[in-house]
1. Quick one: which helices (runs of 4 or more DSSP H) lie wholly within region 110-228 and hold at least 2 residues that are open to solvent by 30 Å² or more (accessible area, probe 1.4 Å)?
2. Looking for whichever is touching a Ser or Thr at 6+ places or on another chain (Cβ under 8 Å) and not hydroxyl-bearing (Ser, Thr, Tyr) here; the options are Ala113, Ala135. Which one fits?
3. Can you confirm whether region 117-124 contains a residue that is free of Cβ contacts under 8 Å to residues at least 60 places away in the same chain and under 21 Å from Val231 (Cβ atoms)?
4. What are the pairs with Cβ atoms under 6 angstrom where one residue, in region 45-60, is under 21 Å from Gln183 (Cβ atoms) and the other, located anywhere, is at pLDDT below 85 and in a helix (DSSP H, G or I)? Sequence gap at least six, or different chains.
5. For a quick check of your reading of the model, give me the residue pairs whose first member lies in region 64-85 and is free of Cβ contacts under 8 Å to residues at least 12 places away in the same chain, whose second is assigned to a loop (DSSP other than H, G, I, E, B), with beta-carbon atoms closer than 8 Å and at least 6 apart or on different chains.
6. Between a residue in region 136-152 that is without any contact (Cβ under 8 Å) to a residue 12 or more places away in the chain and any residue that is hydrophobic (A, V, I, L, M, F, W, C) and part of a helix (DSSP H, G or I), which pairs come within a Cβ distance under 9 Å, given they are 6 or more apart or on different chains?
7. Identify the residue in region 217-233 that is at pLDDT 90 or above and among the hydroxyl-bearing types (Ser, Thr, Tyr) and, among all such residues, is nearest to Leu178 (Cα to Cα).
Amino acid sequence: MTRWTVVAEQEIRDLWILGRGPVLVFGFSVLLSTMTYLAATNRAMNFLEQREAVNLTVQVGLAVGVLLTLVTSSDAISGDRERGTFEALLLAPVSRRGIVVGKLAAATTMWLACLVVTLPYLWVLGRGVAGAGQAALLALIVGTLVATGLAGIGLLISAVTNSNKTSLAAGLLLLLVLFAPTQLPALPKTGFGEVITRINPIGSALHYISQILVNRRTWTHDLSYLASPIVVALVVAGVVIVAGPRLVRLTAGSR
């Protein structure tokens, strides 16, 4: 991972100074602002509803933050190939493993930015129910696990495709497949549904967060639901690091 920080610094600069990072985060903040306004102006809101509003904010922040992170990582290598800037990076005095690790680290900054934007909204909605601090900590820990895993998957998809459109489409399709089951409220209550929820890193993470924020469970009560996000994050990070030299090529599939 020689000098991977050099790659990370350059990628972060390209994303946040020369790229679309600020625009994506601004759109994310507009979405949260609209949702928070609608929740805060509900005069009939009681403490339970406040908890549900906080839970909804965390879940939307996690889902959209992971989406933006996946979009960023899916563009990391295939986008450079299309723009013709990847060859210069390959000629730089940085190992190929360092390139993929640096790009992965830069992509996760998108999630961290979304997390920072989410915190004030959690504070506004969580006042009076002592849920803001807990929600923020859950978003940090659980959200970072999910974002890291899916950012790595997006980077792997980007590495094996030459077309940026193909990598973005594949990443979005994957996220849709993972996110769709979470919109079925009764799914975790069935035997088969619980299995699907547990093996789905997004579904299991959202279920775990809901159990703590809404149902007031302890952090250790449903801790097994975090197995999937942890395994995905570790496995994907390991694959990115170990297979990095073989993935970073001028064109996908070349030897």
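The values are calculated or read from the model by the stated rules, or taken from the named source; none is laboratory data. Quick caveat, the model's predicted, so the values are computed rather than measured. Cβ atoms come from the backbone with ideal geometry, glycine included; neighbour counts cover every protein chain shown. Accessible surface areas use protein heavy atoms only, side chains included; no ligands, DNA or RNA. Shrake-Rupley method; radii C 1.70, N 1.55, O 1.52, S 1.80 Å.
1. The qualifying helices (runs of 4 or more DSSP H) are 132-159, 164-179, 191-199.
2. Just a single option satisfies the conditions, and that option is Ala135.
3. No, because not a single residue in region 117-124 is free of Cβ contacts under 8 Å to residues at least 60 places away in the same chain and under 21 Å from Val231 (Cβ atoms).
4. Ala53/Ala39; Ala53/Leu125; Val54/Leu125; Val54/Gly126; Thr57/Leu125
5. none
6. Qualifying pairs under 9 Å: Ile141/Leu226.
7. Within region 217-233, the match that is nearest to Leu178 (Cα to Cα) is Ser228.
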